[in-house]
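Read-outs: derived from the displayed coordinates by stated rules, not from any lab. These numbers come from a predicted model, not from an experiment. Positions of Cβ are backbone-derived with ideal geometry, glycine not excepted, and every protein chain shown enters the neighbour counts.
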């Protein structure tokens, strides 16, 4: 697994409003496009990284393509990156204050310590 690449995806998608909306509406298409067009960029620049290992595993691709934050957490994605992106994408779908955040936490309620390693 490439926790680095998954976290890079979450980070970069969260920083561009149009990309956030694209991911909300077409997650599988956005994941495929991002891997093809953006995975090789150095963060914060248009320059390309000189690597050959940048690709999602099938499990990562499925979790990203289905907005499965529980699977992403279990795979080692940083929970703050998923939480901030999920707030941007899904908070509007809940009527009650903190509804999205409470739903996010409820879905992770089965996770006990020690938590998955989130280091990259």
Rounded to two decimals, the Debye log10 I(q)/I(0) of region 3-107 (Cα scatterers, no solvent) at q = 0.15 Å⁻¹ is -0.60
Once residue 36 and residue 19 are pulled to full extension, the length gained, defined as 0.36 nm per residue separation minus their Cα-Cα distance, is 4.7 nm
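Using 0.36 nm per residue, how much length does the chain from residue 62 to residue 87 gain when fully extended, once their Cα-Cα distance is taken away?
7.0 nm
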Dividing the mean separation of Cα pairs under 8 Å (6+ apart) by the residue count of region 3-107 yields a relative contact order in percent of 31
Here, residue 105 and residue 26, labelled 7 Å along Cα→Cβ, have an inter-label distance in nm of 3.6
